[in-house]
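Colleague: Before I ask anything, let me first share the structure, which is written out below as structure tokens.
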Amino acid sequence: GPVDALVNNAAVSRVGLLTDTSPEDWALLMRTNVTALYNTCHTFVPDMVSRGGGQILNVSSVWGLCGASCEVACSASKGAVNAFTKALAKELAPSHIRVNAIALGIIDTRMNAHLSENETAEIRDQIPAGYIASPEEAAQAMLRLLEMPEYFNGEIVRFDGCWI
């Protein structure tokens with residue numbers, strides 16, 4: 001059936017210096033974080049345009065807004081997600097299709113399971129909200145963004161507990 005809301009949430013991350021990032025790791029990040037976004041939009045946008053409505057929510061990262069040392073590839077790929085979001089929103093607004101992104105801070109997911117207890121505590125201490133968000137909180141924020149009126153379009157919304 002028709003897709004009313006498309007949420008692009010595929011992501012991978014690699015931590016390390018740019019000089020230690022292999023071409024294969026770079027390609028994996030770009031393929032997963034950017035090319036997959038293109039593929040899903042390319043697949044579903046024509047139907048949304050023909051129906052005259054729909055919405056797309058892209059999951060980004062705060063590192064796509066400000067960059068992170070030792071996460072250059074991830075920052076670059078999420079910066080691309082943000083630029084893609086803003087450009088596609090302008091392209092699709094006349095068709096009553098909203099395109100927004102949520103720039104997540106740290107969320108308690110498997111992607112962050114590699115962090116030690118000390119590293120997690122250090123990050124938590126940097127977050128003014130005082131804790132790391134749960135996946136349920138992130139999902140609730142995404143649902144709220146999907147409930148916004150049509151005029152809310154082309155936005156990159158931070159969800160990071162005032163971390164960045």
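The values are calculated or read from the model by the stated rules, or taken from the named source; none is laboratory data. Everything quoted here is computed from the prediction, not taken from an experiment. Positions of Cβ are backbone-derived with ideal geometry, glycine not excepted, and every protein chain shown enters the neighbour counts. The area values use the complete protein model at the heavy-atom level, side chains included, leaving out ligands, DNA and RNA. Shrake-Rupley method; radii C 1.70, N 1.55, O 1.52, S 1.80 Å.
Colleague: Can you list residue pairs whose Cβ atoms sit under 7 Å apart, with the first residue in segment 41-68 being under 13 Å from residue 96 (Cα atoms) and the second being of a type in the set (D, E, K, R) and open to solvent by less than 20 Å² (accessible area, probe 1.4 Å)? Count only pairs 6 or more apart in sequence or on different chains.
Modeller: Hits for this filter: 55/98.
Colleague: Can you tell me how many residues in segment 108-160 are closer than 26 Å to residue 5 by Cα and not aromatic (Phe, Trp, Tyr)?
Modeller: Selection size over segment 108-160: 29.
Colleague: Please count how many residues of segment 126-143 are open to solvent by 90 Å² or more (accessible area, probe 1.4 Å) and over 17 Å from residue 68 (Cβ atoms). Spell out how you get there, then give the answer.
Modeller: If we filter segment 126-143 for residues that are open to solvent by 90 Å² or more (accessible area, probe 1.4 Å), which is where we start, we get 126, 128, 131, 136, 140, 143.
If we keep only those that are over 17 Å from residue 68 (Cβ atoms) as well, we get 128, 131, 136, 140, 143.
Residues that pass the stated criteria total 5.
Colleague: Can you name the residue in segment 6-30 that is small (Gly, Ala, Ser) and buried (at least 16 other Cβ atoms within 10 Å of the Cβ) and is also farthest from residue 148 (Cα to Cα) among such residues? First the steps, then the outcome.
Modeller: Going through segment 6-30, the residues small (Gly, Ala, Ser) turn out to be 10-11, 13, 16, 22, 27.
Still in the list and also buried (at least 16 other Cβ atoms within 10 Å of the Cβ): 11, 13.
On the way: 11: 24, 13: 29 Å.
Taking the candidates together, the pick is 13.
Colleague: Considering (1) in a helix (DSSP H, G or I); (2) under 16 Å from residue 11 (Cβ atoms); (3) open to solvent by 80 Å² or more (accessible area, probe 1.4 Å); (4) not aromatic (Phe, Trp, Tyr), say which one residue 122 fails and leave the rest.
Modeller: (2)
Colleague: Would you check which residues across segment 31-43 are surrounded by fewer than 18 Cβ atoms within 10 Å (Cβ to Cβ) and either of a type in the set (A, V, I, L, M, F, W, C) or within 10 Å of residue 11 (Cβ to Cβ) (or both) and list them?
Modeller: Once the filter is applied, which keeps residues that are surrounded by fewer than 18 Cβ atoms within 10 Å (Cβ to Cβ) and either of a type in the set (A, V, I, L, M, F, W, C) or within 10 Å of residue 11 (Cβ to Cβ) (or both), segment 31-43 yields 32, 36.
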